[in-house]
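Derivation of every value follows stated rules applied to the coordinates shown; laboratory data play no part. Predicted model only: the values in this text are computed from it and were never measured. Methodologically, a virtual Cβ is constructed for each residue, glycine included, from the backbone with ideal geometry; neighbour enumeration extends over all protein chains shown.
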Amino acid sequence: MVSITYIGSRNYVEYTSKVNGVRYGWTRQMTQHDIPADLVAMFEIDQSNIWVVEDAKPIAQAKEMAKAIEPVVEEPVVEEPVVEESSDAFDPNWTRNEMVKWFKARGESVPRTATKASLTARAQALDNPPADDGNVGDV
């Protein structure tokens, strides 16, 4: 089945089929169905772009195919949160903010004026405390 829609500027357009002698009329945006083949051929070759010719067979076939194919429902993928491995070791390549967090996690206070270099030296001192050589001092 073929549908022909008139999208031109005239209020009314009428054509007569040479095959059966029937007149077919269109107003603006009107669609006619079951148009004879001689008129369909005329509208298909018309280059004026005032006619929209739609073949209903491919549309009907597509609808039938869509009914035949069952929709595939995909289960949602649940992403597990990425847990960073918390290393207890201090990294001198960290940003200053990360260094401050490392100190605060150990209960150490950090002055605002501390630089990355001073924090690195302080962290090395905390990680490697001076060795006790056993001398308590003179008594």
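Does the stretch 102-122 hold any residues that are under 13 Å from ASP91 (Cα atoms) and surrounded by 11 or more Cβ atoms within 10 Å (Cβ to Cβ), and which are they?
TRP102, PHE103, LYS116, LEU119, THR120, ALA121, ARG122
For the stretch 1-35, filtering for residues that are in contact with a strand residue (DSSP E or B) (Cβ under 8 Å, 6 or more places away or on another chain), among the hydroxyl-bearing types (Ser, Thr, Tyr) and closer than 18 Å to GLN47 by Cβ leaves 3. I'd like to know if the stretch 4-15 contains one or more residues that are of a type in the set (A, V, I, L, M), surrounded by 13 or more Cβ atoms within 10 Å (Cβ to Cβ) and outside any loop (DSSP other than H, G, I, E, B). Checked against the condition, which is being of a type in the set (A, V, I, L, M), surrounded by 13 or more Cβ atoms within 10 Å (Cβ to Cβ) and outside any loop (DSSP other than H, G, I, E, B), the stretch 4-15 yields at least one hit.
Pairing residues of the stretch 1-17 that are of a type in the set (Asp, Glu) with residues that are surrounded by fewer than 11 Cβ atoms within 10 Å (Cβ to Cβ) and part of a strand (DSSP E or B), at Cβ distances under 7 Å and at least 6 apart in sequence or on separate chains, gives GLU14/ARG23.
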